[in-house]
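**Student:** So that we are looking at the same thing, I have put the structure below in C-alpha cells.
The values are calculated or read from the model by the stated rules, or taken from the named source; none is laboratory data. What you see is a predicted model, and the numbers here were worked out from it, not measured in a lab. Here the Cβ positions follow ideal geometry from the backbone for every residue, glycine too, while neighbour counts run over all protein chains shown. For the accessible areas, the whole protein counts, side chains as well, though only heavy atoms, and no ligand, DNA or RNA atoms are used. Shrake-Rupley method; radii C 1.70, N 1.55, O 1.52, S 1.80 Å.
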Amino acid sequence: MPKLSDTMEEGKILKWLKHPGDGVAIGEIIAEVETDKANMELEAYDEGTLAEVRVQEGESAPVGAVIAVLAAPGEGSAARPAAGAEKAAKAAPAAPAAKAAPGTPRAAPAKAEAGREGFRPTVVRRPEPGESLGASAAVKASPLARRIARDHGLDLGQVSGTGPGGRIVQKDVEAALAARGGTAPAPRKPAAPAEPRPAAGSRVELSRIRRTTAKRMGEAKREVPHFYASTEIAMDEAARLKEALAALEGEYEGLTYTHVVLKAVGLALTRVPELNASYDGDAMALHEAVNVGVATAVADGLVVPVVRHCDREPLAAIVRQARALLERARSGRFAADDLTGATFTVSNLGMLPVTEFAAVINPPQAAILAVGTIRETPVVREGQVVPGRMMTVTLSCDHRIIDGVLAGRFLRELKGLLENPLALVL
C-alpha cells in the first residue's frame, strides 16, 4: 500500500481493475484506493502479470503492506505464493510485513518479492473511454511528470528521460513543454455534482476525508498560534483583465478569479518568501517551489489539490492545471501528487455571498489566504465617490515563524499585483 498523501496511514481497496492472471503494463491503473483525503487510482510501476491479490475489495491495509504480487514477464505462475498465503493475508491484512510476529505467516512470501525489487504501485490517470494509454504509459516516468504532461497534453513518448534508467522526471517534461511552446487541448467540461442533502434529524457518519479534516483542523487550532491580517483590494483592473482574457477563449477558457488570485499569490510569495515556508521545530523551512493548494469542497469533505509553480507558470498554464484538478475532484479520483507538496493554501469563498472570513492554517504551512466575494460598492477616488469592485482577503499566519510586518508586506505585494494585474500575464 503506497503512501498516497502526506497524512495517509492506511488505505482501503475500493476496486481492483486487474485480476490474477491479467497482464499489467507500466503506467496502467490496477486499482482504486480510498485514502484519508480522496479516492485515488493506483498505477503499476512495472510490467508483468498480476499473480496475486492480497487485499480484497472493501478491505483496508496500512501503508507499506503488500496488497498484490506482480510476476515478472515470463515468470508466470512461479511467482504465486505458497498455498495458504492468501488466507494469511486475509486474516491479517492490516499487519505490515515488517512488524509480523515471529512464526506468523507473512502476507508477503519472500519468494514472491524476490526478483521483484522495485515493484511498487504509483499513481497516474485512468484512460478516458476508448482512449489507449499508448506510448505514454509504456515509458518510465515519475507520477508528477505524468501529471504535468497530462495537464499540458504532452505525449511522454516524445520526451527523453534523464532520471535513473532513463526515467522521465519533472524537469524533462518541463523542458519539453518549454521547447514546444504550444497549447494543450482544453479539458472536458465536467458535470456539476449533486449537492448532498441529509435528512433532518438524521445522524450522518463522517467520511474518512471529513474525519481527517476534523482531526487536522482541531490540531491546527490547538497547536498553531494564529493571528490574522486583512486588506481590501480594488478588483476593477483585475476584472477587466479577466474579461479580456476570457474573451480570447482558447487557452484561457474557464478563467476565473481564483486563477487570477493564484497567479498573484505565486508572485507575491516570491517577493515575501518567508510566507512560503513551514514551521519545522526550531527552524523555518523556506520552500524553493511555490505550490499553492486550493481548498476545495467535495462530496465527502474538504480536499486541497495543489497547483504547482504558481510563480513561474503562465496564467494560462495555471488555468489548465486548476481545471484538471477540479475535474478530478468532481470525479472523486485524485492522483497522489495532486494532494501533496503544497507550500501555501488559498481558500476562496468568493463564489458565495461571503464578504470576508478567516481560514485555519493547514500545518505545517506558515499561512493561508481566505478570499471573500467581489462586491460592487461606493469607493472614494481622487476625492470623488465612485462605484468600484472590492474584495477582502484575510491572511491567517503561524505566529511562531511569521510576524505582523511580514504579513503586511505580503498583503501589500498581493494588493499591488491585483490592482495592477498586467504583471500577471507578462
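**Student:** Does ALA214 satisfy the criteria of being at pLDDT 85 or above, open to solvent by less than 70 Å² (accessible area, probe 1.4 Å), part of a helix (DSSP H, G or I) and in contact with a helix residue (DSSP H, G or I) (Cβ under 9 Å, 6 or more places away or on another chain)?
**Tutor:** no
**Student:** Still on this structure, please answer the following. Name the pairs: first residue in segment 261-275 and free of Cβ contacts under 8 Å to residues at least 60 places away in the same chain, second residue aliphatic (A, V, I, L, M), Cβ to Cβ under 9 Å, at least 6 apart or on different chains?
**Tutor:** Between residues of segment 261-275 that are free of Cβ contacts under 8 Å to residues at least 60 places away in the same chain and residues that are aliphatic (A, V, I, L, M), the close pairs are GLY266/VAL290; GLY266/VAL292; GLY266/VAL307; GLY266/ILE318; THR270/VAL290; PRO273/LEU286; PRO273/VAL290.
**Student:** Kindly list the number of the only condition in (1) at pLDDT 90 or above; (2) touching a Pro at 6+ places or on another chain (Cβ under 8 Å); (3) surrounded by 22 or more Cβ atoms within 10 Å (Cβ to Cβ) that fails for PHE334.
**Tutor:** The failed condition is (1).
**Student:** Among the residues that make up segment 354-374, is at least one of them acidic (Asp, Glu), in contact with a Gly (Cβ under 6 Å, 6 or more places away or on another chain) and surrounded by 15 or more Cβ atoms within 10 Å (Cβ to Cβ)?
**Tutor:** Among the residues of segment 354-374, at least one is acidic (Asp, Glu), in contact with a Gly (Cβ under 6 Å, 6 or more places away or on another chain) and surrounded by 15 or more Cβ atoms within 10 Å (Cβ to Cβ), which makes the answer yes.
**Student:** Condition (residue is over 24 Å from TYR252 (Cα atoms), among the hydrophobic types (A, V, I, L, M, F, W, C) and in contact with a Lys or Arg (Cβ under 9 Å, 6 or more places away or on another chain)) applied to segment 311-330: is it met by at least one residue?
**Tutor:** No, the conditions are met nowhere in segment 311-330.
**Student:** When both residues are 6+ apart or on different chains and their Cβ atoms are under 7 Å apart, which pairs have a first residue that lies in segment 39-65 and is closer than 14 Å to GLU10 by Cα, and a second that is part of a loop (DSSP other than H, G, I, E, B) and of a type in the set (Gly, Ala, Ser)?
**Tutor:** Listed by first residue and then by second, the contacts come to ASN39/GLY332; MET40/ALA335; SER60/ALA94; ALA61/ALA94; PRO62/ALA94; ALA65/ALA107.
**Student:** Between THR345, THR377, THR392, THR355, which is among the hydroxyl-bearing types (Ser, Thr, Tyr) and farther than 27 Å from VAL272 by Cβ?
**Tutor:** Result: THR377 is the single residue among THR345, THR377, THR392, THR355 that is among the hydroxyl-bearing types (Ser, Thr, Tyr) and farther than 27 Å from VAL272 by Cβ.
This table checks each residue for (1) modelled with pLDDT of 80 or more; (2) open to solvent by less than 40 Å² (accessible area, probe 1.4 Å); (3) closer than 28 Å to ARG330 by Cβ.
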| position | (1), (2), (3) |
| --- | --- |
| LEU4 | no, yes, yes |
| LEU14 | yes, no, yes |
| ASP22 | yes, no, no |
| GLY27 | no, yes, yes |
| GLU52 | yes, yes, no |
| PRO62 | yes, yes, no |
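**Student:** In segment 396-426, what residues are surrounded by 19 or more Cβ atoms within 10 Å (Cβ to Cβ) and of a type in the set (S, T, N, Q)?
**Tutor:** SER396
**Student:** Being part of a strand (DSSP E or B) and open to solvent by less than 10 Å² (accessible area, probe 1.4 Å) is the filter here; which residues of segment 36-47 pass it? Give the steps one after another, and end with the answer.
**Tutor:** Within segment 36-47, the first condition is being part of a strand (DSSP E or B), and the residues that meet it are 39-43.
Result: MET40, LEU42, GLU43.
**Student:** From the list LEU326, LEU315, which residue is closer than 29 Å to PRO2 by Cα and touching a residue at least 12 places away in the same chain (Cβ under 8 Å)?
**Tutor:** Of LEU326, LEU315, the one residue that is closer than 29 Å to PRO2 by Cα and touching a residue at least 12 places away in the same chain (Cβ under 8 Å) is LEU326.
**Student:** Would you mind telling me which numbered condition in (1) part of a loop (DSSP other than H, G, I, E, B); (2) of a type outside the set (D, E, K, R); (3) at pLDDT below 80 ILE148 fails?
**Tutor:** Failed condition: (1).
**Student:** Sticking with this structure for a sec: Out of VAL405, VAL393, VAL346, which single residue is more than 20 Å from the chain's Cα centre (by Cα), modelled with pLDDT of 95 or more and either in a strand (DSSP E or B) or over 27 Å from ALA238 (Cα atoms) (or both)? Steps first, please.
**Tutor:** Details: VAL405 fails: either in a strand (DSSP E or B) or over 27 Å from ALA238 (Cα atoms) (or both); VAL346 fails: more than 20 Å from the chain's Cα centre (by Cα).
Of VAL405, VAL393, VAL346, the one residue that is more than 20 Å from the chain's Cα centre (by Cα), modelled with pLDDT of 95 or more and either in a strand (DSSP E or B) or over 27 Å from ALA238 (Cα atoms) (or both) is VAL393.
**Student:** Let me ask something else about it. Considering only residues of segment 40-51 that are among the acidic types (Asp, Glu) and touching a Leu at 6+ places or on another chain (Cβ under 9 Å), which is farthest from MET1 (Cα to Cα)?
**Tutor:** Here the answer is GLU47.
**Student:** For segment 272-309, which positions are at pLDDT below 90 and open to solvent by less than 10 Å² (accessible area, probe 1.4 Å)?
**Tutor:** Of everything in segment 272-309, those that are at pLDDT below 90 and open to solvent by less than 10 Å² (accessible area, probe 1.4 Å) turn out to be GLY301, VAL303.
**Student:** Continuing with this model, one more query. List every residue pair whose Cβ atoms sit under 9 Å apart, with the two residues 6 or more apart in sequence or on different chains, where the first one lies in segment 358-386 and is over 16 Å from GLU232 (Cα atoms) and at pLDDT 95 or above and the second, anywhere, is open to solvent by less than 30 Å² (accessible area, probe 1.4 Å) and of a type in the set (Phe, Trp, Tyr).
**Tutor:** Hits for this filter: GLN365/PHE344; ALA366/PHE344; ALA367/PHE344; ALA367/PHE410; ILE368/PHE344.
**Student:** Another one. Quick one: in segment 349-384, of everything that is among the acidic types (Asp, Glu) and outside any strand (DSSP E or B), which residue is farthest from the chain's Cα centre (by Cα)?
**Tutor:** Let us first name the residues in segment 349-384 that are among the acidic types (Asp, Glu), namely 356, 376, 382.
Within this subset, residues satisfying the condition of being outside any strand (DSSP E or B) are 356, 382.
Details: GLU356: 25, GLU382: 44 Å.
The qualifying residue farthest from the chain's Cα centre (by Cα) is GLU382.
**Student:** Here is a list of conditions, (1) at pLDDT below 95; (2) buried (at least 21 other Cβ atoms within 10 Å of the Cβ); (3) not acidic (Asp, Glu), and MET351 meets all of them except one; can you say which number that is?
**Tutor:** Every listed condition holds for MET351 apart from (2).
**Student:** Which of the residues spanning segment 227-271 are at pLDDT 95 or above, surrounded by 17 or more Cβ atoms within 10 Å (Cβ to Cβ) and farther than 18 Å from ASN420 by Cα?
**Tutor:** ALA229
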